[in-house]
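Peer 1: Structure incoming, see below.
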Amino acid sequence: MSTILIIADHAHGRLSAATRKVVRCAADFGADAVDILVLADHGADVAAEAARLSGIRTVKYIDHAANAHALAAAAAPQIVAAVEAGDYSHVLGSNTSFGKDVMPRVAALLGVGMVTDLMRVLGAHEFERPTYAGNAVDTIAAPDDRILVATVRGASFEPAAEDGEATIEAVSVDVHLPEHTRYIGMEEHASDRPDLGNAPRVVTGGRGVGSEDNFRVIYDFADHIGAAVGASRAAVDAGYVPNDMQVGQTGKIIAPELYICFGISGAIQHLAGIKDAGTIVAVNKDADAPIFEVADYGLVGDLFEVIPAITKAIG
Ligand SMILES: Cc1cc2nc3c(=O)[nH]c(=O)nc-3n(C[C@H](O)[C@H](O)[C@H](O)COP(=O)(O)OP(=O)(O)OC[C@H]3O[C@@H](n4cnc5c(N)ncnc54)[C@H](O)[C@@H]3O)c2cc1C
(Lines give C-alpha, C1' and ligand atoms only; values in the text may rest on other atoms or scores of the structure.)
Protein backbone atom coordinates (compact mmCIF):
# COMPACT_ATOMS: atom_id res chain seq x y z
CA MET A 1 0.00 0.00 0.00
CA SER A 2 1.45 3.38 -0.94
CA THR A 3 0.36 6.75 0.38
CA ILE A 4 1.91 9.96 -0.88
CA LEU A 5 2.44 13.24 0.92
CA ILE A 6 3.11 16.24 -1.36
CA ILE A 7 4.83 19.25 0.16
CA ALA A 8 3.11 22.39 -1.14
CA ASP A 9 5.18 25.16 -2.62
CA HIS A 10 3.41 28.52 -2.25
CA ALA A 11 4.09 32.24 -2.12
CA HIS A 12 2.01 35.34 -1.40
CA GLY A 13 -0.93 33.16 -0.37
CA ARG A 14 -1.09 31.28 -3.68
CA LEU A 15 -0.24 27.68 -4.44
CA SER A 16 2.56 27.45 -7.01
CA ALA A 17 2.09 26.01 -10.48
CA ALA A 18 4.95 23.64 -9.63
CA THR A 19 2.86 21.95 -6.91
CA ARG A 20 -0.02 21.45 -9.36
CA LYS A 21 2.42 19.54 -11.55
CA VAL A 22 3.63 17.42 -8.63
CA VAL A 23 -0.02 16.50 -8.02
CA ARG A 24 -0.36 15.45 -11.67
CA CYS A 25 2.81 13.37 -11.36
CA ALA A 26 1.53 11.71 -8.16
CA ALA A 27 -1.50 10.41 -10.07
CA ASP A 28 0.87 8.16 -12.07
CA PHE A 29 2.01 6.28 -8.93
CA GLY A 30 -1.25 4.36 -8.57
CA ALA A 31 -1.18 5.22 -4.85
CA ASP A 32 -3.96 4.38 -2.40
CA ALA A 33 -4.10 8.01 -1.30
CA VAL A 34 -2.42 11.34 -2.06
CA ASP A 35 -2.36 14.11 0.56
CA ILE A 36 -0.87 17.61 0.49
CA LEU A 37 0.91 19.36 3.36
CA VAL A 38 0.90 23.17 3.52
CA LEU A 39 3.32 24.91 5.90
CA ALA A 40 2.38 28.54 6.46
CA ASP A 41 1.60 31.07 9.17
CA HIS A 42 -1.97 31.39 7.86
CA GLY A 43 -2.39 28.45 5.48
CA ALA A 44 -6.18 28.07 5.21
CA ASP A 45 -6.47 29.85 1.83
CA VAL A 46 -3.61 27.91 0.25
CA ALA A 47 -5.08 24.70 1.69
CA ALA A 48 -8.48 25.54 0.14
CA GLU A 49 -6.80 26.09 -3.24
CA ALA A 50 -4.92 22.78 -2.92
CA ALA A 51 -8.13 20.95 -1.96
CA ARG A 52 -9.57 21.65 -5.42
CA LEU A 53 -6.80 19.72 -7.19
CA SER A 54 -7.78 16.44 -8.74
CA GLY A 55 -7.13 13.20 -6.85
CA ILE A 56 -6.26 14.61 -3.43
CA ARG A 57 -7.70 12.90 -0.33
CA THR A 58 -6.75 15.39 2.41
CA VAL A 59 -4.95 18.71 2.56
CA LYS A 60 -3.23 19.15 5.92
CA TYR A 61 -1.92 22.51 6.98
CA ILE A 62 0.35 23.54 9.83
CA ASP A 63 0.00 27.17 10.90
CA HIS A 64 3.12 28.30 12.75
CA ALA A 65 4.91 31.64 12.99
CA ALA A 66 8.13 29.88 11.87
CA ASN A 67 6.41 29.15 8.55
CA ALA A 68 5.77 32.79 7.67
CA HIS A 69 8.63 32.46 5.17
CA ALA A 70 9.73 29.36 3.29
CA LEU A 71 12.66 28.39 5.49
CA ALA A 72 13.82 24.85 4.77
CA ALA A 73 15.58 24.38 8.12
CA ALA A 74 12.33 25.02 9.99
CA ALA A 75 10.10 23.20 7.51
CA ALA A 76 12.01 19.90 7.35
CA PRO A 77 11.41 18.69 10.95
CA GLN A 78 7.71 19.57 10.68
CA ILE A 79 7.43 17.64 7.42
CA VAL A 80 9.17 14.62 8.95
CA ALA A 81 6.79 14.70 11.93
CA ALA A 82 3.81 14.79 9.54
CA VAL A 83 5.25 11.95 7.43
CA GLU A 84 5.74 9.76 10.49
CA ALA A 85 2.33 10.60 11.96
CA GLY A 86 0.60 9.80 8.66
CA ASP A 87 2.71 6.70 7.94
CA TYR A 88 3.40 7.85 4.37
CA SER A 89 5.39 5.70 1.96
CA HIS A 90 6.31 8.56 -0.44
CA VAL A 91 7.12 12.25 0.05
CA LEU A 92 7.13 14.39 -3.10
CA GLY A 93 8.20 18.00 -3.59
CA SER A 94 8.76 20.26 -6.59
CA ASN A 95 12.17 20.97 -8.09
CA THR A 96 11.82 24.67 -7.29
CA SER A 97 14.34 26.50 -5.10
CA PHE A 98 12.27 25.63 -2.02
CA GLY A 99 11.85 21.97 -3.02
CA LYS A 100 15.53 21.57 -3.80
CA ASP A 101 16.37 23.09 -0.42
CA VAL A 102 13.89 21.30 1.81
CA MET A 103 13.58 17.79 0.33
CA PRO A 104 17.22 16.69 0.89
CA ARG A 105 16.83 17.80 4.52
CA VAL A 106 13.67 15.73 4.81
CA ALA A 107 15.46 12.71 3.35
CA ALA A 108 18.40 13.16 5.71
CA LEU A 109 16.16 13.42 8.78
CA LEU A 110 14.30 10.28 7.67
CA GLY A 111 17.63 8.50 7.10
CA VAL A 112 16.92 7.71 3.43
CA GLY A 113 18.37 8.73 0.08
CA MET A 114 16.33 10.64 -2.47
CA VAL A 115 15.45 10.75 -6.14
CA THR A 116 15.80 14.14 -7.82
CA ASP A 117 14.17 15.55 -10.94
CA LEU A 118 11.76 12.69 -11.50
CA MET A 119 10.44 13.11 -15.06
CA ARG A 120 8.40 9.93 -15.63
CA VAL A 121 6.82 7.39 -13.30
CA LEU A 122 7.18 3.76 -14.39
CA GLY A 123 5.99 2.29 -11.08
CA ALA A 124 5.75 3.26 -7.41
CA HIS A 125 9.54 2.84 -7.10
CA GLU A 126 10.74 3.02 -10.69
CA PHE A 127 11.32 6.27 -12.52
CA GLU A 128 13.05 8.13 -15.30
CA ARG A 129 15.17 11.16 -14.57
CA PRO A 130 17.49 13.28 -16.75
CA THR A 131 21.23 13.07 -16.47
CA TYR A 132 24.19 14.79 -18.19
CA ALA A 133 22.24 18.06 -18.43
CA GLY A 134 19.29 16.27 -19.99
CA ASN A 135 21.32 14.62 -22.75
CA ALA A 136 20.53 11.14 -21.41
CA VAL A 137 17.69 9.66 -19.41
CA ASP A 138 18.32 7.31 -16.46
CA THR A 139 15.85 4.60 -15.53
CA ILE A 140 16.21 4.07 -11.81
CA ALA A 141 14.68 1.72 -9.24
CA ALA A 142 14.48 2.87 -5.62
CA PRO A 143 14.24 0.41 -2.69
CA ASP A 144 10.62 -0.32 -1.80
CA ASP A 145 11.28 -1.10 1.87
CA ARG A 146 11.81 2.51 2.95
CA ILE A 147 10.19 5.90 2.51
CA LEU A 148 10.78 7.38 -0.92
CA VAL A 149 11.64 11.09 -1.01
CA ALA A 150 11.70 12.72 -4.45
CA THR A 151 11.55 16.02 -6.30
CA VAL A 152 9.49 16.27 -9.49
CA ARG A 153 10.66 18.02 -12.65
CA GLY A 154 7.87 20.50 -13.36
CA ALA A 155 8.65 20.80 -17.07
CA SER A 156 7.74 17.13 -17.55
CA PHE A 157 4.16 17.29 -16.25
CA GLU A 158 0.99 19.27 -16.94
CA PRO A 159 -0.75 20.93 -13.98
CA ALA A 160 -3.41 18.81 -12.26
CA ALA A 161 -7.05 19.52 -13.08
CA GLU A 162 -9.17 21.39 -10.55
CA ASP A 163 -12.09 19.04 -10.08
CA GLY A 164 -11.23 17.79 -6.60
CA GLU A 165 -12.94 18.15 -3.24
CA ALA A 166 -10.35 17.07 -0.68
CA THR A 167 -10.99 17.38 3.02
CA ILE A 168 -8.98 20.05 4.81
CA GLU A 169 -7.41 19.42 8.20
CA ALA A 170 -5.48 21.84 10.44
CA VAL A 171 -2.76 19.85 12.18
CA SER A 172 -0.08 20.67 14.71
CA VAL A 173 3.20 18.92 15.28
CA ASP A 174 5.22 18.90 18.45
CA VAL A 175 8.81 19.24 17.24
CA HIS A 176 11.79 21.31 18.23
CA LEU A 177 12.55 23.81 15.45
CA PRO A 178 16.20 24.69 14.87
CA GLU A 179 17.20 28.27 15.68
CA HIS A 180 20.44 28.33 13.70
CA THR A 181 18.72 29.69 10.58
CA ARG A 182 16.55 32.77 10.44
CA TYR A 183 14.82 34.68 7.68
CA ILE A 184 16.44 38.02 6.87
CA GLY A 185 14.76 39.14 3.67
CA MET A 186 14.05 38.41 0.05
CA GLU A 187 14.67 40.54 -3.00
CA GLU A 188 12.17 39.78 -5.70
CA HIS A 189 12.35 41.00 -9.25
CA ALA A 190 8.80 42.28 -9.82
CA SER A 191 7.41 42.05 -13.34
CA ASP A 192 4.00 42.37 -14.98
CA ARG A 193 5.05 39.95 -17.69
CA PRO A 194 4.01 36.27 -17.66
CA ASP A 195 5.95 34.03 -15.28
CA LEU A 196 8.98 32.59 -17.07
CA GLY A 197 8.56 29.19 -15.41
CA ASN A 198 5.01 28.64 -16.65
CA ALA A 199 4.35 30.90 -19.64
CA PRO A 200 3.15 29.21 -22.84
CA ARG A 201 5.33 31.61 -24.90
CA VAL A 202 8.88 32.57 -24.02
CA VAL A 203 11.28 34.94 -25.79
CA THR A 204 14.94 34.90 -24.80
CA GLY A 205 18.05 36.85 -25.65
CA GLY A 206 21.69 35.86 -25.44
CA ARG A 207 25.10 37.46 -25.62
CA GLY A 208 24.28 38.42 -29.20
CA VAL A 209 21.87 41.08 -27.89
CA GLY A 210 24.96 43.01 -26.86
CA SER A 211 23.91 45.14 -23.89
CA GLU A 212 21.33 45.86 -21.19
CA ASP A 213 19.97 48.74 -23.30
CA ASN A 214 19.67 46.57 -26.39
CA PHE A 215 17.62 44.08 -24.39
CA ARG A 216 14.74 46.54 -24.77
CA VAL A 217 14.08 45.05 -28.24
CA ILE A 218 13.64 41.61 -26.62
CA TYR A 219 11.22 42.98 -23.97
CA ASP A 220 9.24 44.90 -26.58
CA PHE A 221 8.93 41.91 -28.87
CA ALA A 222 7.92 39.65 -25.96
CA ASP A 223 5.26 42.17 -24.89
CA HIS A 224 4.00 42.32 -28.46
CA ILE A 225 3.26 38.57 -28.46
CA GLY A 226 2.39 38.26 -24.74
CA ALA A 227 5.46 36.21 -23.88
CA ALA A 228 7.68 35.84 -20.80
CA VAL A 229 11.30 36.96 -21.16
CA GLY A 230 14.37 34.87 -20.40
CA ALA A 231 18.06 34.89 -21.22
CA SER A 232 21.15 32.77 -21.61
CA ARG A 233 23.71 32.63 -18.86
CA ALA A 234 26.13 34.68 -20.95
CA ALA A 235 23.55 37.50 -21.07
CA VAL A 236 23.05 37.22 -17.29
CA ASP A 237 26.79 37.11 -16.57
CA ALA A 238 27.31 40.17 -18.79
CA GLY A 239 24.76 42.05 -16.65
CA TYR A 240 22.18 42.53 -19.43
CA VAL A 241 19.41 41.04 -17.26
CA PRO A 242 18.93 39.77 -13.67
CA ASN A 243 19.87 36.15 -12.94
CA ASP A 244 16.30 34.99 -12.22
CA MET A 245 15.81 35.24 -16.00
CA GLN A 246 18.42 32.59 -16.77
CA VAL A 247 17.20 29.57 -18.69
CA GLY A 248 19.21 26.36 -18.66
CA GLN A 249 20.93 23.74 -16.58
CA THR A 250 21.73 26.17 -13.79
CA GLY A 251 18.75 28.41 -14.45
CA LYS A 252 15.09 27.72 -15.08
CA ILE A 253 13.94 24.52 -16.77
CA ILE A 254 10.97 25.53 -18.89
CA ALA A 255 8.47 23.86 -21.22
CA PRO A 256 6.65 26.60 -23.17
CA GLU A 257 4.59 25.78 -26.24
CA LEU A 258 6.62 28.36 -28.19
CA TYR A 259 10.24 29.27 -27.49
CA ILE A 260 11.88 32.04 -29.56
CA CYS A 261 15.54 32.83 -28.94
CA PHE A 262 17.64 35.64 -30.34
CA GLY A 263 21.45 35.71 -30.35
CA ILE A 264 21.84 32.45 -28.41
CA SER A 265 24.38 29.92 -29.72
CA GLY A 266 22.74 26.78 -28.26
CA ALA A 267 25.26 25.48 -25.71
CA ILE A 268 24.19 22.15 -24.13
CA GLN A 269 23.76 23.86 -20.75
CA HIS A 270 21.23 26.22 -22.33
CA LEU A 271 19.44 23.44 -24.22
CA ALA A 272 19.05 21.54 -20.92
CA GLY A 273 16.52 24.19 -19.93
CA ILE A 274 14.35 23.94 -23.05
CA LYS A 275 14.35 20.18 -23.66
CA ASP A 276 10.58 19.97 -23.16
CA ALA A 277 9.71 23.11 -25.15
CA GLY A 278 7.17 22.67 -27.96
CA THR A 279 8.17 24.69 -31.02
CA ILE A 280 11.66 26.19 -30.94
CA VAL A 281 12.42 29.20 -33.15
CA ALA A 282 16.01 30.47 -33.35
CA VAL A 283 17.42 33.65 -34.85
CA ASN A 284 21.19 33.82 -35.11
CA LYS A 285 23.53 35.49 -37.57
CA ASP A 286 25.84 32.45 -37.61
CA ALA A 287 24.40 29.73 -39.86
CA ASP A 288 26.58 27.13 -38.07
CA ALA A 289 25.31 27.95 -34.56
CA PRO A 290 24.35 24.70 -32.75
CA ILE A 291 20.94 26.14 -31.85
CA PHE A 292 19.86 25.40 -35.43
CA GLU A 293 20.32 21.65 -34.76
CA VAL A 294 17.43 21.70 -32.28
CA ALA A 295 15.32 24.53 -33.72
CA ASP A 296 12.06 23.69 -35.51
CA TYR A 297 12.37 26.99 -37.36
CA GLY A 298 15.67 28.81 -37.84
CA LEU A 299 16.39 32.18 -39.33
CA VAL A 300 19.94 33.22 -40.16
CA GLY A 301 20.12 36.97 -39.72
CA ASP A 302 20.86 39.94 -37.52
CA LEU A 303 18.35 40.06 -34.67
CA PHE A 304 18.18 43.85 -34.84
CA GLU A 305 16.87 43.57 -38.41
CA VAL A 306 14.81 40.41 -37.92
CA ILE A 307 12.82 41.55 -34.86
CA PRO A 308 11.37 44.71 -36.48
CA ALA A 309 10.59 42.70 -39.63
CA ILE A 310 8.75 39.96 -37.68
CA THR A 311 6.93 42.54 -35.56
CA LYS A 312 5.76 44.31 -38.72
CA ALA A 313 4.76 41.04 -40.37
CA ILE A 314 2.59 39.84 -37.47
CA GLY A 315 1.07 43.31 -37.04
C1 LIG B 1 28.31 24.30 -15.36
C2 LIG B 1 27.73 25.23 -16.39
C3 LIG B 1 26.42 25.59 -16.30
C4 LIG B 1 25.85 26.44 -17.25
N5 LIG B 1 24.53 26.77 -17.15
C6 LIG B 1 23.98 27.51 -18.14
C7 LIG B 1 22.58 27.82 -18.12
O8 LIG B 1 21.84 27.44 -17.19
N9 LIG B 1 22.07 28.54 -19.13
C10 LIG B 1 22.85 28.99 -20.17
O11 LIG B 1 22.31 29.65 -21.07
N12 LIG B 1 24.16 28.73 -20.19
C13 LIG B 1 24.74 28.03 -19.21
N14 LIG B 1 26.08 27.81 -19.22
C15 LIG B 1 26.90 28.56 -20.19
C16 LIG B 1 26.93 27.95 -21.59
O17 LIG B 1 27.96 26.98 -21.67
C18 LIG B 1 27.17 29.04 -22.65
O19 LIG B 1 28.36 29.72 -22.33
C20 LIG B 1 26.05 30.07 -22.76
O21 LIG B 1 24.80 29.42 -22.86
C22 LIG B 1 26.29 30.94 -23.99
O23 LIG B 1 25.32 31.95 -24.03
P24 LIG B 1 24.96 32.63 -25.41
O25 LIG B 1 24.45 31.59 -26.35
O26 LIG B 1 24.09 33.79 -25.11
O27 LIG B 1 26.36 33.23 -25.87
P28 LIG B 1 27.32 32.79 -27.04
O29 LIG B 1 27.66 31.36 -26.97
O30 LIG B 1 28.44 33.78 -27.03
O31 LIG B 1 26.44 32.99 -28.36
C32 LIG B 1 26.03 34.25 -28.80
C33 LIG B 1 25.36 34.02 -30.15
O34 LIG B 1 24.80 35.23 -30.61
C35 LIG B 1 24.95 35.27 -32.01
N36 LIG B 1 24.84 36.69 -32.39
C37 LIG B 1 25.71 37.69 -32.12
N38 LIG B 1 25.21 38.86 -32.56
C39 LIG B 1 24.03 38.58 -33.16
C40 LIG B 1 23.06 39.39 -33.82
N41 LIG B 1 23.20 40.73 -33.96
N42 LIG B 1 21.96 38.77 -34.33
C43 LIG B 1 21.79 37.42 -34.21
N44 LIG B 1 22.69 36.63 -33.60
C45 LIG B 1 23.78 37.20 -33.07
C46 LIG B 1 26.30 34.66 -32.28
O47 LIG B 1 26.38 34.16 -33.61
C48 LIG B 1 26.34 33.55 -31.24
O49 LIG B 1 25.86 32.31 -31.76
C50 LIG B 1 26.67 26.96 -18.30
C51 LIG B 1 28.00 26.60 -18.36
C52 LIG B 1 28.55 25.75 -17.43
C53 LIG B 1 29.99 25.35 -17.54
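Peer 1: Looking only at the stretch 203-220, which residues are within 13 Å of the ligand (Cβ to nearest atom) and buried (at least 21 other Cβ atoms within 10 Å of the Cβ)? Explain how you work it out, then say what you get.
Peer 2: First pass over the stretch 203-220, keeping only residues within 13 Å of the ligand (Cβ to nearest atom): 204-211, 214-215, 217-218.
Matches in the stretch 203-220: T204, G205, G206, G208, V209, I218.
Peer 1: Looking at the stretch 136-149, can you tell me whether even one residue there is under 30 Å from E257 (Cβ atoms), open to solvent by 80 Å² or more (accessible area, probe 1.4 Å), assigned to a loop (DSSP other than H, G, I, E, B) and not β-branched (V, I, T)?
Peer 2: Just the residues of the stretch 136-149 that are under 30 Å from E257 (Cβ atoms), to begin with: 136-140.
Filter once more, keeping what is open to solvent by 80 Å² or more (accessible area, probe 1.4 Å): 139.
Now restrict to residues that are assigned to a loop (DSSP other than H, G, I, E, B): none.
Among the residues of the stretch 136-149, not one is under 30 Å from E257 (Cβ atoms), open to solvent by 80 Å² or more (accessible area, probe 1.4 Å), assigned to a loop (DSSP other than H, G, I, E, B) and not β-branched (V, I, T), which makes the answer no.
Peer 1: Let me ask you something else. Take the residues in the stretch 263-304 that are near the ligand (Cβ under 9 Å from one of its atoms) and polar (S, T, N, Q); name whichever of them is most open to solvent (accessible area, probe 1.4 Å).
Peer 2: Q269
Peer 1: For the stretch 89-128, give me each residue that is open to solvent by 10 Å² or more (accessible area, probe 1.4 Å), more than 19 Å from the chain's Cα centre (by Cα) and farther than 20 Å from H176 by Cβ.
Peer 2: Correct list: S89, V112, G113, L122, G123, A124, H125, E126.
Peer 1: Conditions: (1) at pLDDT 95 or above; (2) on the phi > 0 side of the Ramachandran plot. A142 meets all but one. Number of the miss?
Peer 2: That leaves (2) as the condition not met.
Peer 1: I would also like to ask the following. Looking at G226, G251 in this structure, which one is modelled with pLDDT of 95 or more and under 20 Å from I274 (Cα atoms)? Spell out how you get there, then give the answer.
Peer 2: On the way: G251 fails: modelled with pLDDT of 95 or more.
Exactly one of G226, G251 is modelled with pLDDT of 95 or more and under 20 Å from I274 (Cα atoms), namely G226.
Peer 1: Turning to a different aspect of this structure: If you go through the stretch 153-162 one residue at a time, do you hit one that is open to solvent by less than 60 Å² (accessible area, probe 1.4 Å), within 16 Å of the ligand (Cβ to nearest atom) and aromatic (F, W, Y)?
Peer 2: Residues of the stretch 153-162 open to solvent by less than 60 Å² (accessible area, probe 1.4 Å): 153-157, 160-161.
Still in the list and also within 16 Å of the ligand (Cβ to nearest atom): 153-155.
Then keep just the ones that are aromatic (F, W, Y); that gives none.
No, every residue in the stretch 153-162 fails to be open to solvent by less than 60 Å² (accessible area, probe 1.4 Å), within 16 Å of the ligand (Cβ to nearest atom) and aromatic (F, W, Y).
Peer 1: Let me ask something else about it. Identify the single condition in (1) more than 8 Å from the ligand (Cβ to nearest atom); (2) touching a Gly at 6+ places or on another chain (Cβ under 8 Å) that G239 does not satisfy, given that it satisfies every other one.
Peer 2: So the condition that G239 fails would be (2).
Residue-by-condition table, conditions (1) touching a residue at least 40 places away in the same chain (Cβ under 8 Å); (2) of a type in the set (A, V, I, L, M); (3) in the same structural domain as G251 (by TED's automatic domain parsing):
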residue	(1), (2), (3)
G111	no, no, no
M114	no, yes, no
D117	no, no, no
P143	no, no, no
T181	yes, no, no
M186	yes, yes, no
L196	yes, yes, no
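Peer 1: Looking at I62, I36, which is the one that is crowded, with 24+ Cβ neighbours inside 10 Å and either in contact (Cβ under 8 Å) with a residue 12 or more places away in the chain or part of a strand (DSSP E or B) (or both)?
Peer 2: On inspection, the qualifying residue turns out to be I36.
Peer 1: Just one of S156, S191, S211 is of a type in the set (S, T, Y) and touching an Asp or Glu at 6+ places or on another chain (Cβ under 7 Å); which is it?
Peer 2: Numbers: S191 fails: touching an Asp or Glu at 6+ places or on another chain (Cβ under 7 Å); S211 fails: touching an Asp or Glu at 6+ places or on another chain (Cβ under 7 Å).
S156 is the lone residue from the list that is of a type in the set (S, T, Y) and touching an Asp or Glu at 6+ places or on another chain (Cβ under 7 Å).
Peer 1: Can you pull out the helices (runs of 4 or more DSSP H) entirely within the stretch 207-315 that have at least 3 residues that are touching a residue at least 60 places away in the same chain (Cβ under 8 Å) and either closer than 30 Å to P130 by Cα or not assigned by TED's automatic domain parsing to the domain that holds F157 (or both)? Spell out the reasoning first.
Peer 2: Numbers: elements: 215-225, 233-237, 268-271, 291-294, 303-314.
Filter on the stretch 207-315 gives 215-225, 268-271, 303-314.
The values are calculated or read from the model by the stated rules, or taken from the named source; none is laboratory data. Please read all numbers here as calculations on a predicted model, not as lab measurements. Glycine also receives a Cβ, built like all others from the backbone with ideal geometry; neighbour counts cover every protein chain displayed. Surface areas here come from the heavy atoms of the whole protein model, side chains and all, with no ligands, DNA or RNA. Shrake-Rupley method; radii C 1.70, N 1.55, O 1.52, S 1.80 Å.
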